[in-house]
Amino acid sequence: MNLFDGLNERQREAASHIDGALLILAGAGSGKTKTITTRLAYLIDEVGISPNNTLTLTFTNKAAHTMKKRALSMMRSSYSPLLCTFHKFALLFLKLHIDKLGLQNAFKVIDADDSKKIIKELLSPEVKLSPYQAADMISNFKNSLISVEKAYEHLEKNTNPNLFKNEYIKLYKLYQESLKKYSYLDFDDLLLMSYELLKSDGRFASEQSKLYQYITVDEYQDTNSLQYEILKLLCKEHSNLCVVGDDDQSIYSWRGARIENILNFTDDFKDAKIVKLEHNYRSSAKILDAANKLISNNTKRLGKILIPTKDKGDDIIFLKNENDKDEAAEIVRLIRREVKNGTKLNEIAVLYRRNSLSSILDNELRKEKIPYKILSGLKFHERLEIKDAVAYLRLISNTNDDFSFKRIINVPKRGLGKAFVSKLEHYAKINKISLFDSIFYCLENGIFSKEISARISEFALSILDLQKSNLSDIIKSLEDVFALSSVYDEDYKQENLQLLYKEFQDSIKRNSYKDLNDLLSDFSLQGEQDNINENEDCVYLMSVHASKGLEFDVVFVIGLENGNFPISLDNEEERRLAYVAITRAKKKLFLSTASTRNVRTSVIEGSSVFLEELNLLDEKIHNNTNFKKGDLVQHKIFGIGRILDLRKEGKDIRLDIIFGGITRNNILSDALKKI
C-alpha cells in the first residue's frame, strides 16, 4: 500500500516533508490527523528514522490515542513511537531525569481541584482572593516562568505591584512547600520542572535535542509560553519541528495559550515551510459557508478558507425563543424529531458558552427521559466518591501524605472527627512526623481511649498491609477492606466507584506500571473528553471549549445572546469560539437565542452579534407575514387556534398554534387563514 493513497495534494506535500521547520495550517475537518499520522509512518518506515528519535505531542488523551492507533496501523515497524500529550511527556521526562534537580521520582501528580483545596487551607485573611483566583494566580506565575525566588525579586524591584504583592508571593511559597511536603506536583510543575531541567544544563538539553530529532506538535495554537520554551530547547540542535494548528481555533488564552506562537512561527524559524489544509471533509457546504463568513470578521489570523467537499446540505436553522424554558422544550422536540428520522443520540450535541446555561435543558431532558451526558463542569475524576478512593490510594502509596490522610480518616465514618485530627496534628508537629506516624505515637503513649485506639489501629494496619500487596491486588482489596461504597446512598456514586476500579484494573493490564504512583499520575491527567464512550447511546451536553476536536451529525448552539455568547463584544477569541462551535456540525446546525433567561450570571444585551454577522437576524420576520403572536387562525383540518409563537427556520416560517388545548407545530402554508 502506498502511504500517500487517499491524501489530497496539500496533505501529501505536508506528509512527505522531512527536514526543516514546517507549519501545517489545518482548517477544521481538513484531515490533519490523517496527515500527521501518515507523515510519522513515512518518517519511520520509508525514510528510516528510528521511532526513538521521534516525538509527537498533542493536548488530549483522546487525540493521542486516536493518532497512535492510526499511525501504528500504517507502520511495519514493531517499535512504538512516543506519541502523547504535553503533560504525559513531561511526566515521563521527569520520571527519568528529576534527580538532576535533587528530587526523587516518587512524586504524585495532583489535579486542579486538589490544588484549590490545598490553597484553601493556606489562605489567610490578608490575601483577598478566592481559592480559584489564587490557584489561577499561581498558575500564571509558573506559566510565565516565575519561580518563588523570581517573584520576590520582582517584589523588591516594585514591578507590577498589583501582582507582585508580599502576601501573594508568601501564599505561592507556602503552596510550593506543601506540594514538596506531600511529594506532589501540579500540572504546571510538570512543565516548569521539565523546562528547568533543560534550561539549567545546556549539555543535557543538547543530548535531548539529539534524541528527539523529529518533533511534531498538534494543536500548536494552544501552546503557552512554557510549552513554547520547552520546544525551543528541544530544537536546540536542529530545526525539525513540525507544528500543526489552526489560528482560527485558538480559544484558550484564559489558561495561558498564546495565539502569537502560531502567528509568529515563521519569525522563529526563518526557513519554515507553510502548507495550508483547506479542504473540509466533515461538514456540509452551508455550514462551512457560515463558518467562513463569521471568522472573516477577525483580523488576527493567517488567513485561509474552508473548501467544502460535501453537498450543500440543510439550511442552518435559527431558533428564536421567548425564554430558556421554551428553548429547552423546543430543542427536546427537535432532538426527538432527529432521532425519529434516523439520527443516533450520540450523534447529537448541545453546546454552550457558559456551563450554567445547561441546567434548564438538563432538567427538560431528564423529565422527557432522553439519555444524556454532561461533559462540561465536574469531571469524573473530580467527583467526591472518586476523590475519596484516590486519596486512599495516595495514602497507601505514601503515608506522609497528610492532605490525603485528612480527607479519608473519617470516610467511612469512624468517629474520628476534627477534634481527633487536631490532637494528631498537635503531636505530629511536636515530633515533626506525619499524621499517619502520629497515630502510632498516640497509641504507644495512650493518648486516646481504648475504643478510638482500636479504630485507628485497625485503619493504620490496613493501610500498611495493603502496601505489601501488588498493584492489582491493592485495587481489588480497596473496597473489601474499607467498604467505600457503603458511604454513599446514591446508586450512581456506587456505580462510579465500580467504574473506577474497573478502569484502574484495565489500565494496569494495558500499561507496565511499576508502582501505584505511576497509575495515579496517569489518572490525574484525564480530561473532559475521556468521558466519551463512542458506543454510549446518549445526547452530549458540553461547553464549546470541551467540544474542540469532536464532531457530531447534529449540533445545537444555545445561549446566543450578547452577554452569554459572546461574553465580551470586543474579543476576537469569542468569535473563534463560535467558529469552533459551528464547525463541530457535520449535517445539521441549530443556532438558538432567547429573549430572557433565568440564569443569574447572564446579562442579556440582545441577540448575539454573531447571528447578525451570519445574516440570521431577520427582525422583519413578523412583518413579512400577516400573522403575529396572539392571532386567532383557522386551519382547514384542525379548526380554530391561537398563535403562541412564530419563528424562522431556514427559509420557512414555523408557527406554534394551540388548537383545543393541543399545541401543534406548523409551517406557514395555504392551509392556514387569519380570522
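The values are calculated or read from the model by the stated rules, or taken from the named source; none is laboratory data. No experiment lies behind these values; they were computed from the predicted model shown. Please note: Cβ atoms are built from the backbone with ideal geometry, for glycine as well, and neighbour counts cover all protein chains shown. The accessibility values were calculated without ligands, DNA or RNA, using every heavy atom of the protein model including side chains. Shrake-Rupley method; radii C 1.70, N 1.55, O 1.52, S 1.80 Å.
Residues that are more than 20 Å from Val390 (Cβ to Cβ) and of a type in the set (Phe, Trp, Tyr) do not occur anywhere in the range 459-479.
The residues in the range 406-433 that are part of a helix (DSSP H, G or I) and closer than 20 Å to Glu444 by Cα can be counted, and the count is 13. Of all residues in the range 567-588, those that are over 18 Å from Arg301 (Cα atoms) have Cβ atoms under 8 Å from Cβ atoms of residues that are open to solvent by 20 Å² or more (accessible area, probe 1.4 Å) and among the small types (Gly, Ala, Ser), 6 or more apart or on another chain, in Lys587/Gly313; Lys588/Gly313. Beta carbons closer than 9 Å, at least 6 apart along the sequence or on distinct chains, pair a first residue in the range 199-223 that is farther than 30 Å from Ser253 by Cβ with a second that is assigned to a strand (DSSP E or B) and open to solvent by less than 60 Å² (accessible area, probe 1.4 Å) for Leu211/Leu55; Gln213/Thr54; Gln213/Leu55. Taking (1) within 27 Å of Lys88 (Cα to Cα); (2) open to solvent by less than 60 Å² (accessible area, probe 1.4 Å); (3) modelled with pLDDT under 90 in turn, Met137 satisfies each apart from (3). Count of the range 55-81 residues, restricted to those that are touching a residue at least 60 places away in the same chain (Cβ under 8 Å) and open to solvent by 40 Å² or more (accessible area, probe 1.4 Å), is 5.
Of all residues in the range 268-277, those satisfying the criterion of being open to solvent by 50 Å² or more (accessible area, probe 1.4 Å) and assigned to a loop (DSSP other than H, G, I, E, B) are Lys270, Asp271.
The number of residues in the range 438-454 that are within 13 Å of Asp402 (Cβ to Cβ) and open to solvent by 60 Å² or more (accessible area, probe 1.4 Å) comes to 0.
Screening Ser30 against (1) in a helix (DSSP H, G or I); (2) open to solvent by less than 30 Å² (accessible area, probe 1.4 Å); (3) hydroxyl-bearing (Ser, Thr, Tyr) leaves a single unmet condition, (1).
As for the range 146-154, it holds no residue that is open to solvent by 60 Å² or more (accessible area, probe 1.4 Å) and assigned to a loop (DSSP other than H, G, I, E, B). Taken together, the residues in the range 71-90 that are in a strand (DSSP E or B) and among the hydroxyl-bearing types (Ser, Thr, Tyr) amount to 1.
Out of Lys651, Lys620, Lys636, Lys629, one residue alone is at pLDDT below 80, among the charged types (D, E, K, R) and in contact with a strand residue (DSSP E or B) (Cβ under 7 Å, 6 or more places away or on another chain). It is Lys629. The set of residues in the range 145-191 being among the hydroxyl-bearing types (Ser, Thr, Tyr) and in contact with a strand residue (DSSP E or B) (Cβ under 9 Å, 6 or more places away or on another chain) consists of Ser178, Tyr182, Ser183, Tyr184. Residue pairs whose Cβ atoms lie under 7 Å apart, separated by 6 or more positions or on different chains, with the first residue in the range 145-164 and within 19 Å of Asn224 (Cβ to Cβ) and the second in a loop (DSSP other than H, G, I, E, B) and open to solvent by less than 60 Å² (accessible area, probe 1.4 Å), are Ala151/Phe164. The C-beta contact set for the range 308-324 (first residue within 18 Å of Leu614 (Cβ to Cβ), second residue aromatic (Phe, Trp, Tyr) and buried (at least 17 other Cβ atoms within 10 Å of the Cβ), distance under 9 angstrom, 6+ apart or interchain) comprises Ile316/Phe590; Ile317/Phe590; Phe318/Phe590; Leu319/Phe556; Leu319/Phe590. Which residue is most open to solvent (accessible area, probe 1.4 Å), if the candidates are limited to the range 455-479 and must be over 20 Å from Ser507 (Cβ atoms), charged (D, E, K, R) and part of a helix (DSSP H, G or I)? Out of the qualifying residues, it is Glu458. Note on the range 82-115: residues that are in contact with an Asp or Glu (Cβ under 6 Å, 6 or more places away or on another chain) and either surrounded by fewer than 18 Cβ atoms within 10 Å (Cβ to Cβ) or not β-branched (Val, Ile, Thr) (or both) amount to 2.
Among the residues of the range 33-54, those identified as crowded, with 18+ Cβ neighbours inside 10 Å and not in a helix (DSSP H, G or I) are Ile49, Thr54. Checking the stated criteria, Tyr168 turns out not to satisfy the condition of being at pLDDT 95 or above and open to solvent by less than 60 Å² (accessible area, probe 1.4 Å). When you scan the range 407-425, do you find a residue that is under 29 Å from the mean Cα position of the chain (by Cα) and over 30 Å from Phe556 (Cα atoms), even just one? Yes, there is a match, as at least one residue in the range 407-425 is under 29 Å from the mean Cα position of the chain (by Cα) and over 30 Å from Phe556 (Cα atoms). Can you spot a residue in the range 255-267 that is aromatic (Phe, Trp, Tyr) and outside any helix (DSSP H, G or I)? Checked against the condition, which is being aromatic (Phe, Trp, Tyr) and outside any helix (DSSP H, G or I), the range 255-267 yields no hits at all.
If only residues of the range 283-312 that are among the small types (Gly, Ala, Ser) and open to solvent by less than 40 Å² (accessible area, probe 1.4 Å) are counted, the one that is farthest from Leu541 (Cα to Cα) is Gly303. Every condition in (1) in a helix (DSSP H, G or I); (2) at pLDDT 95 or above; (3) under 28 Å from the mean Cα position of the chain (by Cα) is met by Ser283 except one, and the failing one is (1). Part of a helix (DSSP H, G or I), at pLDDT 95 or above and under 23 Å from Thr309 (Cβ atoms): is that true of Ala14 in this structure? The answer is yes for Ala14. Of all residue pairs spaced 6 or more apart or on separate chains, those with beta-carbon atoms under 7 Å, a first member in the range 416-429 that is aliphatic (A, V, I, L, M) and a second member that is part of a helix (DSSP H, G or I) and open to solvent by 50 Å² or more (accessible area, probe 1.4 Å) are Leu416/Arg455; Val421/Lys406.
Each row is one residue, and each column tells you yes or no for (1) in a helix (DSSP H, G or I); (2) open to solvent by 10 Å² or more (accessible area, probe 1.4 Å); (3) closer than 17 Å to Asp268 by Cβ.
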{"residue": "Arg203", "(1), (2), (3)": "yes, yes, no"}
{"residue": "Leu233", "(1), (2), (3)": "yes, yes, yes"}
{"residue": "Glu237", "(1), (2), (3)": "no, yes, yes"}
{"residue": "Cys242", "(1), (2), (3)": "no, no, yes"}
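Scanning the range 394-432 for residues that are open to solvent by 60 Å² or more (accessible area, probe 1.4 Å) and of a type in the set (A, V, I, L, M) returns Ala419, Ile430. I'd like to check something: does the range 369-388 contain any residue that is over 30 Å from Lys108 (Cα atoms) and either among the charged types (D, E, K, R) or open to solvent by less than 30 Å² (accessible area, probe 1.4 Å) (or both)? Within the range 369-388, one or more residues are over 30 Å from Lys108 (Cα atoms) and either among the charged types (D, E, K, R) or open to solvent by less than 30 Å² (accessible area, probe 1.4 Å) (or both).
Within the range 205-227, the set of residues being at pLDDT 95 or above, among the hydroxyl-bearing types (Ser, Thr, Tyr) and in a helix (DSSP H, G or I) comprises Ser206, Ser209, Tyr220.
The residues listed here are Lys181, Lys173, Lys142; of these, the one that is open to solvent by 70 Å² or more (accessible area, probe 1.4 Å), in contact with a helix residue (DSSP H, G or I) (Cβ under 7 Å, 6 or more places away or on another chain) and either touching a residue at least 12 places away in the same chain (Cβ under 8 Å) or part of a helix (DSSP H, G or I) (or both) is Lys173.
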